[in-house]
1. Give region 84-128 a look and list any residue that's farther than 30 Å from Leu150 by Cβ and polar (S, T, N, Q), or say none.
2. Please verify whether Gly106 is out of contact with any strand residue (DSSP E or B) (no Cβ under 6 Å at 6 or more places or on another chain), closer than 30 Å to Val137 by Cα and at pLDDT 90 or above, treating the condition exactly as stated.
3. Tyr88: at pLDDT below 80, part of a helix (DSSP H, G or I) and hydroxyl-bearing (Ser, Thr, Tyr), yes or no?
4. Take the residues of region 55-83 that are open to solvent by 90 Å² or more (accessible area, probe 1.4 Å) and assigned to a helix (DSSP H, G or I): which is modelled with the lowest pLDDT?
5. Looking only at region 93-143, count every residue that is among the aliphatic types (A, V, I, L, M) and free of Cβ contacts under 8 Å to residues at least 12 places away in the same chain and tell me the total.
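The values are calculated or read from the model by the stated rules, or taken from the named source; none is laboratory data. Predicted model, so just to flag it, every value in this text is computed and none were measured. Here the Cβ positions follow ideal geometry from the backbone for every residue, glycine too, while neighbour counts run over all protein chains shown. For the accessible areas, the whole protein counts, side chains as well, though only heavy atoms, and no ligand, DNA or RNA atoms are used. Shrake-Rupley method; radii C 1.70, N 1.55, O 1.52, S 1.80 Å.
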Amino acid sequence: WLDFTRGGGGKPNVVDPEELGLKGLKVEAVKDGRVVATATAGADGVFTLPASADGAQLRLPAENFREPYNGVDWLGPTLVTPGIIGSYVWMWAGFALVLIAAGLAGLPRELLEAARVDGANEWQVFRRITVPMLAPVLAVVLVTLMINVLK
């Protein structure tokens, strides 16, 4: 039972009417070292044992205290490698962005303006002028990141 009352009050070590039990808890009745009856607590925390459990000692089995669904295994064998790769990419992202920003700063503005004057939209300027001129920088960034992630 939860031995406290919301807002205070109640008597310690006594089940007061306002206090609730823990729902879904398994309870075992043990006599002479063997389990003679089991029960599961309802939504209000109440459980009922048969008459054969009279005089038995009550205990809570260990399964009440385990994580559901075999514990938390979010970083198991299938996710550990992508997790490490993702963390290294995040760690080296600043370096990559500095190189790409330097490459963008070195692009001749006349080419971009000439393409716009000739009628190219922003997507065409990016795809046909910016990316091809940044290709050496992007290759260096990609190779450096791969080396650092896989080492």
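1. The answer is Asn121, Gln124.
2. Values: out of contact with any strand residue (DSSP E or B) (no Cβ under 6 Å at 6 or more places or on another chain): yes; closer than 30 Å to Val137 by Cα: yes; at pLDDT 90 or above: yes.
Yes; evaluated as a whole, the condition is true for this residue.
3. For Tyr88, the condition - at pLDDT below 80, part of a helix (DSSP H, G or I) and hydroxyl-bearing (Ser, Thr, Tyr) - is not met.
4. Tyr69
5. Quick first cut of region 93-143, residues among the aliphatic types (A, V, I, L, M) only: 93, 96-102, 104-105, 107, 111-112, 114-115, 117, 120, 125, 129, 131, 133-135, 137-143.
Filter again for free of Cβ contacts under 8 Å to residues at least 12 places away in the same chain, leaving 93, 97-98, 101, 105, 114, 117, 120, 131, 135, 139, 142-143.
The total comes to 13.
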